[in-house]
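The values are calculated or read from the model by the stated rules, or taken from the named source; none is laboratory data. The model shown is predicted, which means the values in this text are computed figures rather than measured ones. Backbone-built Cβ (ideal geometry, glycine too); neighbour counts: all protein chains shown.
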Amino acid sequence: MPIPSDIYEEKKISSSKGKWKNGLVIFLFIAPALFIYLLYVVYPIIATFEYSFHTWTTAGEKMFVGLENYANLFADPVFWTSLKNNIWVVLTSVFIQIPLGLIMALLLVSPIKGIRFFNSVYFLPFLVSTVATGMLWVFMFDPLNGIMSQIVSIFGIENIFWLSAPETAMLSILFVVVWQGAPFYMILLRSAIVGIPEELYEAAKIDGASSWQNFKHITLPLLMPTIVTSSILAIVGSLKAFDLFFVMTEGGPNGATEIMGTFMFKQVFMNYNTGYASAIAFVMFFIALTVTIVIQSINSSKRRKEML
Amino acid sequence: MVMKKVGLYILAIVFLIYAAYPIVYLISTSLKSQPAFFESPFSLFTHFTLDNYVAVIQQGLLVNFLNSIIVSVISVFVVMLIASLASYPLSRMKFKLNRAVFLLFIVGMMLPVHATLIPIFRFSNSIGIYDSLVAIIGPYIAFALPISIFILTQFMSEIPKSLEESAMMDGANKLKIFFHIILPMTRPALMTVFIYNFIHIWNEFIFALVLISNNENMTLPLGLRNFFGEYSTNVPAVMAAISLASIPMLLAYIFTQEKVTKGLTDGAVKG
């Protein structure tokens with residue numbers, strides 16, 4: 001989600017400054033949104049930061065402990081496992097979900113009949129809520145009565161305990177992440193492909209270009225901005241992952257599918273480690289912020305280069 | 001050429017099965033009795049009983065359904081109103097503070113909700129709204145604001161100034177101009193905001209999980225998970241619950257397909 005700094009630059013010129021002199025009027029327009037936003041987003045983040053330097057005694061007393069929560073966190077192997085798993089989600093999203101979405105999008109603009117039908121059906125997984133999706137796939141991955149075991153048994157593979165074996169649990173959930181998310185990138189990419197001017201392909205046709213050449217030299221380069229946007233969405237979205245993991249495994253077996261979201265949640269609402277959980281939450285916030293700043297600076301330096 | 005076409009159809013059908021099979025299996029299983037399921041777990045549409053649906057409704061999932069409707073409708077309409085109110089001056093003025101406020105809102109798009117969970121939980125407890133629909137409506141509105149303000153400011157900044165100026169001549173004040181000129185013209189963007197937020201709020205899970213404890217106050221995703229926890233051995237019944245929870249969204253999509261696609265695409269690309 002690139003923040004367009006240019007919206008403002010462009011509009012400055014035609015500003016109607018004089019008519020907004022009344023500061024109170026402006027304030028009244030912005031106030032309701034700002035109030036709720038400060039109350040439910042800004043204040044809680046600051047409070048989380050403050051909590052992360054404290055611990056609560058069993059009597060409910062708040063005690064300052066300095067950086068202890070952070071020191072414990074960085075020494076906690078579960079934290080590193082969950083960070084690693086979050087990175088797996090990011091990589092899966094960018095390198096499997098998006099390419100799969102692209103293939104589906106290309107199919108939907110190819111010369112086959114029934115495009116509308118294919119389009120609707122391909123999109124269905126995205127419409128099922130994440131909680132429902134997680135539950136559905138728990139059954140699909142059932143070792144006894146699940147279709148996934150049925151499928152691999154064709155190849156002579158038996159007794160796979162998909163979600164309850166540490167070796168397969170993460171892969172199984174990532175499979176569902178792809179199943180659910182790919183259609184979203186499909187519609188983003190399809191609308192970008194439809195926007196490519198037909199003339200470009202006609203010119204290429206005269207030059208005798210093959211469809212692969214067309215794809216490589218016309219479609220793909222023109223899709224790059226959408227692919228970049230999709231990747232940013234995928235990265236930011238992956239950092240927020242929670243629902244599927246919580247519903248399917250709650251981070252188990254034995255922490256194999258722990259991600260930062262489930263780790264933080266369990267620390268506060270199951271182990272009542274408010275201070276420690278706040279430290280995890282703040283690290284999550286910090287990572288999201290860093291990623292945002294990095295993406296933003298890449299974006300703006302690219303824009304500057306284009307202007308030169 | 002023919003070979004290539006055949007290849008395309010094969011690929012298209014492979015994806016069709018990949019996307020649709022789980023959903024077909026879901027609906028088919030929800031129509032089986034429990035013994036029928038254990039007898040033939042993979043047979044599709046061999047049994048047709050609505051008993052599971054009756055059982056699910058008797059377990060109170062309709063209450064969760066109703067809660068989801070109340071929460072989604074209220075949150076989305078409040079967001080549409082206050083986000084467009086805020087977007088109007090944000091799209092029109094140029095002073096520095098304005099840009100800072102805009103950025104403050106926009107940064108919210110990136111934030112993991114986890115960074116706000118504990119304080120919101122404590123705050124909701126201390127003011128006595130914990131375990132009520134009011135408790136989740138607040139965060140839903142707050143977290144929908146960034147994307148909404150982003151889409152709306154962008155759209156409003158393209159509405160020509162001349163329209164407002166002539167109304168100003170007739171003595172209309174800002175509020176009048178907002179409701180009579182700006183808001184009607186912003187309708188396409190409001191549609192995007194509506195669809196994008198409705199889908200997200202309808203499916204929201206973690207705030208509901210943290211802020212609600214009684215079944216009668218749960219929204220659908222939470223009620224669904226609760227049902228799953230209690231009846232996980234009764235596969236067809238859980239499948240019926242999942243179907244019941246998913247069918248409205250699937251139906252809504254079938255009837256408003258283009259709008260949903262556009263709403264999501266605009267929401268994502270512009271955001």
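The residues on offer are B:I177, B:I149, and the sole one that is within 11 Å of another protein chain (Cβ to nearest Cβ), in a helix (DSSP H, G or I), surrounded by fewer than 22 Cβ atoms within 10 Å (Cβ to Cβ) and among the β-branched types (V, I, T) is B:I177. Among the residues of the range B:1-42, those that are within 12 Å of chain A (Cβ to nearest Cβ), under 33 Å from the mean Cα position of the chain (by Cα), not in a helix (DSSP H, G or I) and not hydrophobic (A, V, I, L, M, F, W, C) comprise B:K32, B:P41. The single residue among A:T292, A:T257, A:T274 that is away from chain B (no Cβ under 14 Å), closer than 27 Å to B:I120 by Cβ and either surrounded by 12 or more Cβ atoms within 10 Å (Cβ to Cβ) or not hydroxyl-bearing (S, T, Y) (or both) turns out to be A:T257.
Residues that are facing chain A (nearest Cβ under 10 Å), touching an Asp or Glu at 6+ places or on another chain (Cβ under 9 Å) and among the β-branched types (V, I, T) within the range B:199-213 comprise just one, B:I206. When residues in the range A:186-233 are screened for being touching a Leu at 6+ places or on another chain (Cβ under 8 Å), of a type in the set (S, T, N, Q) and without any contact (Cβ under 8 Å) to a residue 24 or more places away in the chain, 0 of them pass.
Could we say that A:S172 is hydroxyl-bearing (S, T, Y), within 14 Å of chain B (Cβ to nearest Cβ) and either closer than 25 Å to B:E258 by Cβ or not in a helix (DSSP H, G or I) (or both) here? Answer is no for this residue. With respect to the conditions (1) away from chain A (no Cβ under 12 Å); (2) in a helix (DSSP H, G or I); (3) surrounded by fewer than 21 Cβ atoms within 10 Å (Cβ to Cβ); (4) not acidic (D, E), B:G171 lacks only one, and its number is (2). Any chance the range B:65-75 includes a residue that's within 28 Å of A:F27 (Cα to Cα) and at the interface with chain A (Cβ under 7 Å from one of its Cβ atoms)? For the range B:65-75, residues within 28 Å of A:F27 (Cα to Cα) and at the interface with chain A (Cβ under 7 Å from one of its Cβ atoms): absent. Can you spot a residue in the range B:194-208 that is under 21 Å from the mean Cα position of the chain (by Cα), modelled with pLDDT of 90 or more and farther than 19 Å from A:F242 by Cα? Yes, some residue in the range B:194-208 is under 21 Å from the mean Cα position of the chain (by Cα), modelled with pLDDT of 90 or more and farther than 19 Å from A:F242 by Cα. The single condition among (1) facing chain A (nearest Cβ under 8 Å); (2) under 23 Å from the mean Cα position of the chain (by Cα) that B:M80 does not satisfy is (1). Selection of the range B:1-45 for residues being loosely packed, with under 15 Cβ neighbours inside 10 Å, farther than 16 Å from A:Q150 by Cβ and either assigned by TED's automatic domain parsing to the domain that holds B:L244 or of a type in the set (V, I, T) (or both) yields B:V2, B:V6, B:I10, B:I13, B:V14.
Screening the range A:132-169 for residues that are facing another protein chain (nearest Cβ under 9 Å) and not in a helix (DSSP H, G or I) and picking the one that is farthest from B:A237 (Cα to Cα) gives A:L144.
Taking every residue in the range A:61-77 that is touching a residue at least 60 places away in the same chain (Cβ under 8 Å) and pairing it with any residue that is exposed (fewer than 10 other Cβ atoms within 10 Å of the Cβ), at least 6 positions away or on another chain, yields no pair with a Cβ-Cβ distance below 8 Å.
Among the criteria (1) assigned to a helix (DSSP H, G or I); (2) facing another protein chain (nearest Cβ under 7 Å); (3) of a type outside the set (A, V, I, L, M, F, W, C), the one B:P112 does not fulfil is (1). With respect to the conditions (1) at the interface with chain B (Cβ under 9 Å from one of its Cβ atoms); (2) under 25 Å from the mean Cα position of the chain (by Cα); (3) charged (D, E, K, R), A:K113 lacks only one, and its number is (2). Looking for something at pLDDT 85 or above and part of a helix (DSSP H, G or I) - is there at least one such residue anywhere in the range A:248-258? Yes, the conditions are met somewhere in the range A:248-258. Just wondering, is there one or more residues in the range B:46-67 that are at pLDDT 95 or above and crowded, with 16+ Cβ neighbours inside 10 Å? Scanning the range B:46-67 turns up at least one residue that is at pLDDT 95 or above and crowded, with 16+ Cβ neighbours inside 10 Å. Restricting the range A:1-55 to residues that are modelled with pLDDT under 55 and more than 8 Å from chain B (Cβ to nearest Cβ), the residue that is nearest to B:L103 (Cα to Cα) is A:S5. Going by what's in this entry, would A:L100 be described as buried (at least 17 other Cβ atoms within 10 Å of the Cβ), at pLDDT 95 or above and assigned to a helix (DSSP H, G or I)? When the stated conditions are applied, A:L100 passes them.
Looking across B:I136, B:I120, one residue alone is surrounded by 22 or more Cβ atoms within 10 Å (Cβ to Cβ) and more than 8 Å from chain A (Cβ to nearest Cβ). It is B:I136. For the range B:220-271, the set of residues classified as more than 10 Å from every other protein chain (Cβ to nearest Cβ), assigned to a loop (DSSP other than H, G, I, E, B) and more than 16 Å from B:Q58 (Cβ to Cβ) consists of B:T233, B:T256, listed by residue number.
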